[in-house]
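Worksheet: one structure, shown below.
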Amino acid sequence: MKNMKAGLFALAGLLGSVVTGGAQEPVKIGMITTLSGPAGYLGQDVRDGFELAVKMNDGKLGNVPVEILVEDDGLKPGNGRQIADRFLNNEDVKLFTGIIFSNVAGATVPDIVDEGAIFVSPNAGPSEFAGAGCHPNYFVLSWLTDTMQGSAGKNASDLGYKRAFVLAPNYQAGKDAITGFKRYFDGEIVGEIYTRLDQTDFAAEMAQIREVAPDVVFQFQPGGLGIAFLRQYQQSGLLGSIPMVVSEPSMDHAILKAVGDAAEGLNVSGAWNTDLDNPTNAAFVAQFEETYGRTPTMYAAQGYDTALAFASALGKVEGDISDLDAFRSALRETDFETTRGAFEFGANQHPVQDWYAMRVEKNDAGELVLKTRKKLMSAHGDPFAQDCSF
Amino acid sequence: MTLFLEQVLNGLQLGVMLFLMAAGLTLIFGIMGIINLAHGSIYMIGAYAGTYVAMETGVYYAGIPAALAAAALTGAAMEFLVVRRLYKRDHLDQVLATFALILISNQVITLIFGRQPLFVGLPSALSGSVELLPGLFYPSYRLAIIAVGLLVALGLYLVINRTRIGMLVRAGSTNRDMVRALGVDIRMLYTIVFGLGALLAGLAGYMAGPILAVQVGMGEQILITTFVVVVIGGVGSIRGAFFASLIIGVFDTMLRAYLPGFLRQIMAGSEADALGAGLSSMGIYLLMALVLLVRPKGLFPAHS
């Protein structure tokens, strides 16, 4: 009886492979991302970058046809969770990506990985899933918030600044940003202000900065707040006298357009820029501009890289994701090029990559662009990896 | 010392912005008995209309008439279409209807302008800083805001105290029914008051544009503080709104500037920062509670 059952299964498997061999069923990839609200352009760029890689390969990743299911979480953790449930139970999706914000990831990722599905983050990188909370089904292709904001601290030290004044809104990501900055900054913190999350006028803070006269100011103000902060920084005359360092999420290529002259001379740090010199990046930037008619942001590059990672692993397992262990090992081999150049997964399946110092400068045409200045850190992992064991 | 003076100026600047909002709100509240939550939307619409015209023409000053016109038109339309039907209803209905106006105007603005904030540059004559005292530099644009706010306050004082319209407004805020019984066209008066309030809100919105981001929801941020001003000043009292605005502006700025530093001297750094940020956000509401405890009708009540 047992043999007969096994035989039937084998037969079914055989039939199945015959069917897929003829016209392979596309592999479903569930993309839960933020498309609405002021931060909607982040998810839009991740999606467009990812879809660009699929388009460039005629609807395939790693020579395997794929179907991408995109849903908007509206920056609400509850929505993210509901979409994940629907994808898992109704659509039988095994591969997930797309989440932009740490709070959505915090509510959604545990559900996905506990169900045995794989999640590859194109942006969100909370430290809680990088150390003791790591999971074999969870990969991050972008960066950790801590390292991203920390790169600004490294940049400040590298530029020779000794006394830093730091500002961030009074909520979790703001505190993480300042923790990250302090971790990588060698000098002294001469002022630390937590602003209100709904605060748009920073005149009182500007006066304090002027009074303390630090070597450098580090600020993290998400979205429209950051733009208001920079403009007031310029209006109060501080722009010319006290330099500022920020990380790339505070000055991506979309914000740069909105801010205009107030951004000139700003020191930025990050893992990707349009002018990084590698063939994958050159092809990506050219294709993206041609297809969508706008400059890609770091989010677009991360979406594109995520698609390349999927392509490599899907190619290795030839589109068979019934054995997720094989897929996971294939992904862990990091046998793919990224727009960021050298890229490996660390022990906690978070990136080990290079970090760059950039500056906002005018190009020959008089337009403000983000120009890469030098490499800040090479093959840099994160301090949480040591706490992670699978 | 220069830092202290600079923070006083920052407080004054916040204060006059609040006054421009609160003057209209307190009159509408005091004379018409309407709780107008949509006052912040008029502020936003003024900011968007003015900024749009300034961006299209490239001239900052061209935005001023556009902002005023858009705000006044919106105000008149709101009064005619919605608010006029609410005078006899209770406050809950008014809150519901004007809250709906907030949602509608936010969505309409999103449909027209999208979610990306708009920006307008400073007029070139006001883009620099002025050295008021040796070592005390202050942005000229913010000085201009203070000047405009004080001029508007003076103008309002003259209108309210020296003109026939002003007399009716004062009478209306003291005893509405008596004014009506004496045969004054109260509808006309209501429209004038509502339009005036909308004008001032539009002006405030446009002036805030170059400093803050012109974005959807900007009105709600200032509206809550404005209500605190109205309550502290005394409902219906322009004089109360003026002094309460300046008090709130300076008080809020001083808390933000000095409380964390003060607390850091008596406790550990991170705790002081957390407590300081928390307390300074609460400060104006605590002040409001205290004022209401001592003077339940506000500092300068109109109905005395």
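The values are calculated or read from the model by the stated rules, or taken from the named source; none is laboratory data. Predicted model only: the values in this text are computed from it and were never measured. No Cβ is skipped: glycine too gets one built from the backbone with ideal geometry, and neighbour counts run over all protein chains shown. Note: accessible area is taken over every heavy atom of the protein model, side chains too, but ligands, DNA and RNA are not part of it. Shrake-Rupley method; radii C 1.70, N 1.55, O 1.52, S 1.80 Å.
Relative to the longest principal axis of chain A, what angle (0 to 90°, nearest 10) does the C-alpha long axis of helix A:203-212 take? Its long axis makes an angle of about 70 degrees. Mean silhouette area of the stretch A:126-237, derived from the convex hull of its C-alpha atoms and averaged over all directions, reads 7.8 nm². Can you send over the carbon and sulfur percentage of the accessible area for the stretch B:2-216, probe radius 1.4 Å, protein chains only? For the stretch B:2-216, the apolar C and S fraction of the accessible surface comes to 70 percent. In the stretch B:245-287, comparing the full protein assembly with the chain on its own, the residues that lose 50 Å² or more of accessible surface at a 1.4 Å probe are B:256, B:273. For the protein assembly as shown, the mean projected area of the C-alpha convex hull, equal to one quarter of the hull surface, is 36.4 nm².
As a calculated quantity, the FRET efficiency between residue A:115 and residue A:286 at R0 = 35 Å, using C-beta atoms, amounts to about 0.35. Excluding same-chain neighbours fewer than eight residues apart, the aspartates and glutamates reachable from residue A:362 by a Cα-Cα span under 19 Å are A:248, A:252, A:261, A:264, A:275.
Scaled against the 2.2 N^0.38 Å expected of a compact globular protein of N residues, the Cα radius of gyration of the stretch B:228-302 reads 1.27. For the protein assembly as shown, the 222 nm mean residue ellipticity estimated from helices alone, with every DSSP H stretch of n ≥ 4 adding -39500 (n - 2.57) and the total spread over all residues, rounds to -18500 deg cm²/dmol. In this structure, the pairs whose alpha-carbon distance is over 28 Å, taken from A:154/A:316; A:94/A:374; A:55/A:316; A:162/A:374; A:55/A:375; B:88/B:297, are A:154/A:316; A:94/A:374; A:55/A:375. Computed from Cα positions, the angle between helix B:218-233 and the longest principal axis of chain B comes to roughly 80 degrees.
Of the residues A:292, A:356, ranked by 1.4 Å probe accessible area with the largest first, the sequence reads A:292, A:356. Within a Cβ distance under 12 Å of residue A:182, other residues only, what is the Lys/Arg minus Asp/Glu net charge? Every neighbour counted, the sum reads -2.
Return one number: the angle in degrees, 0 to 90 and rounded to the nearest 10, between the long axis of the Cα atoms of helix A:102-114 and the longest principal axis of the Cα atoms of chain A. Rounded to the nearest ten degrees, it is 20. For chain A, the solvent-accessible area of protein heavy atoms averages 39 Å² per residue (probe radius 1.4 Å; ligands and nucleic acids excluded). Residue B:90 sits with roughly 90 Å² accessible to a 1.4 Å probe, with DNA, RNA and ligands left out of the calculation. Computed from protein heavy atoms with a 1.4 Å probe, the total accessible area buried between A and B is close to 2500 Å². Using R0 = 35 Å, the C-beta based FRET efficiency linking residue B:125 and residue A:364 works out to 0.65.
Surface composition of chain A: carbon plus sulfur atoms contribute 49% of the solvent-accessible area (1.4 Å probe, protein chains only, all chains present).
Ordered by solvent-accessible area of protein heavy atoms (1.4 Å probe), largest first, the residues A:245, B:216 come out as B:216, A:245.
How long are the three semi-axes of the equivalent ellipsoid of chain B, in whole Å, if each is the root of 5 times an eigenvalue of the C-alpha gyration tensor, listed from largest down? Semi-axes (√(5λ), whole Å): 31, 25, 19.
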